[in-house]
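The values are calculated or read from the model by the stated rules, or taken from the named source; none is laboratory data. None of the values given here were measured: they were computed from a predicted structure. Cβ placement follows ideal geometry from the backbone for every residue including glycine, while neighbour counts extend to all protein chains displayed. Calculation scope for accessible area: heavy atoms of the full protein, side chains included, ligands and nucleic acids excluded. Shrake-Rupley method; radii C 1.70, N 1.55, O 1.52, S 1.80 Å.
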Amino acid sequence: QVREWKNEGSKRYMCTGRPGWLTVSLRVGKYKKIHKNIMINLMDVLEVDSERQVVRVEPLVTMGQLTAYLNPMGWTIPVVPELDDLTVGGLIMGTGIESSSHIYGLFQHTCVAYELVLADGSLVRCSPTENSDLFYAVPWSCGTLGFLVAAEIKMIPAKKYVKIHYEPVRGLQNICEKFTEESKKKENSFVEGLVYSLDEAVIMTGVLTDEADQSKINRIGNYYKPWFFKHVEKYLKADRTGIEYIPSRHYYHRHTRSIFWELQDIIPFGNNPVFRYLFGWMVPPKISLLKLTQGEAIRKLYEQHHVVQDMLVPMKSLEKSIQTFHVDLNVYPLWLCPFILPNNPGMVHPKGDEAELYVDIGAYGEPKRKQFEARASMRQMEKFVRSVHGFQMLYADCYMTREEFWDMFDGSLYHKLREQMNCKDAFPEVYDKICKAARH
């Protein structure tokens with residue numbers, strides 16, 4: 001298809017032909033209608049190499065599909081981002097994170113090689129030792145350097161359960177100190193925080209294990225179970241710590257059934273026990289279904305009165321960041337997920353020369369701030385994130401100007417490669433693809 005596009009005179013930019021409503025981002029990209037759509041129907045697990053501990057997959061393989069395939073063989077991947085429908089291609093070209101990222105980094109940091117079809121129609125493989133510039137430039141590039149056709153991802157041995165410890169913490173300073181301390185411990189397989197108000201949170205730490213106390217097993221993924229964030233809140237309300245054993249696959253997808261807490265705005269009675277027992281098997285509705293059936297008026301309303309954002313900030317700025325989120329948005333719960341950010345080349349790396357501990361703060365829901373105005377409030381947030389050398393996840397609405405965008409992200413390697421590989425006529429720049437200012 002790419003060679004055909006070249007023979008026809010390379011008139012329009014190219015993009016993947018997967019329809020916009022199928023993506024997990026709430027944004028529906030307008031570019032799909034005007035660019036040349038290249039159909040990439042690659043959705044298979046290609047090989048599992050137990051000796052190298054690597055799995056090779058095509059870009060449309062989803063997290064649900066991959067864990068279901070690897071677990072019976074005794075393997076899993078180190079970072080399993082939350083929602084079942086997230087694809088490998090999306091997690092590499094965008095980004096992905098999970099509560100194990102304080103050990104392994106973002107999803108891209110667990111990948112050992114990519115295979116791409118470039119603008120000239122050639123197929124290349126890149127890794128830290130082969131075409132390394134391209135390897136480091138691909139993550140966060142949103143398909144603007146080439147088409148991903150395969151990726152090799154590290155595997156780790158799977159275990160049956162996650163032994164999870166719930167601890168309610170009160171007082172913002174205490175929350176930040178406790179969360180930072182747990183995130184630094186490599187013996188924690190998982191670290192996650194749910195912040196329910198400015199000074200109340202539950203911090204969860206988990207350890208992978210094959211042994212479990214049968215009386216404390218909680219299969220949270222079963223359709224009739226309470227939504228996970230509501231289950232966690234009980235520990236806060238009762239002001240008690242707790243320990244449970246959750247089957248690993250249920251743990252990896254613990255926020256899937258309620259789409260974190262987004263579903264409470266769509267189905268307010270969704271966590272009611274009667275609804276769960278009778279209709280729990282029907283949720284969550286696919287995000288793609290919601291987008292496909294959503295009219296323009298509802299989409300605009302949603303955009304103005306609803307926030308779905310993930311901001312990645314240095315751990316040392318956590319307290320200041322939560323305060324800023326409170327003032328600018330006032331959305332709760334907030335999701336806290338720690339990750340180590342290695343000092344690799346590419347668009348996203350720490351300010352200093354060595355790896356640094358960061359935290360993803362996820363705000364999903366209806367802002368309770370009185371004067372909330374989507375554009376102004378988000379520009380304020382973006383400015384703050386740039387000031388602490390943080391990053392905004394690119395699946396979300398982004399209101400930055402081009403200068404602000406390249407102030408937040410390091411474009412040096414990206415622009416060099418776009419020049420070298422003649423991407424300028426083949427793909428739009430990442431800013432033009434994702435930023436609101438560029439798309440309207």
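Looking at (1) within 22 Å of residue 192 (Cβ to Cβ); (2) at pLDDT below 95; (3) hydrophobic (A, V, I, L, M, F, W, C), which is the one condition that is false for residue 385? With (1) within 22 Å of residue 192 (Cβ to Cβ); (2) at pLDDT below 95; (3) hydrophobic (A, V, I, L, M, F, W, C) applied to residue 385, the lone miss is (2). In the stretch 87-113, the residues that are of a type in the set (Phe, Trp, Tyr) form Cβ pairs under 6 Å with partners that are part of a helix (DSSP H, G or I), at six or more places apart or across chains, as follows: 104/110; 107/91. The set of residues from the stretch 88-146 being open to solvent by 10 Å² or more (accessible area, probe 1.4 Å), closer than 24 Å to residue 255 by Cβ, among the aliphatic types (A, V, I, L, M) and in a loop (DSSP other than H, G, I, E, B) comprises just one member, 97. Checking 152, 115, 181 one by one, the residue that is acidic (Asp, Glu), out of contact with any Ser or Thr (no Cβ under 6 Å at 6 or more places or on another chain), at pLDDT 95 or above and not assigned by the TED database to the domain that holds residue 58 is 181 and no other. For the stretch 147-252, the helices (runs of 4 or more DSSP H) that sit wholly inside it and include 1 or more residues that are over 30 Å from residue 56 (Cβ atoms) and either open to solvent by less than 10 Å² (accessible area, probe 1.4 Å) or touching a Gly at 6+ places or on another chain (Cβ under 7 Å) (or both) are 172-183, 228-238. In the stretch 315-330, which residues are closer than 16 Å to residue 367 by Cα and open to solvent by 10 Å² or more (accessible area, probe 1.4 Å)? Across the stretch 315-330, the qualifying residues are 323, 324, 326, 327, 328, 330.
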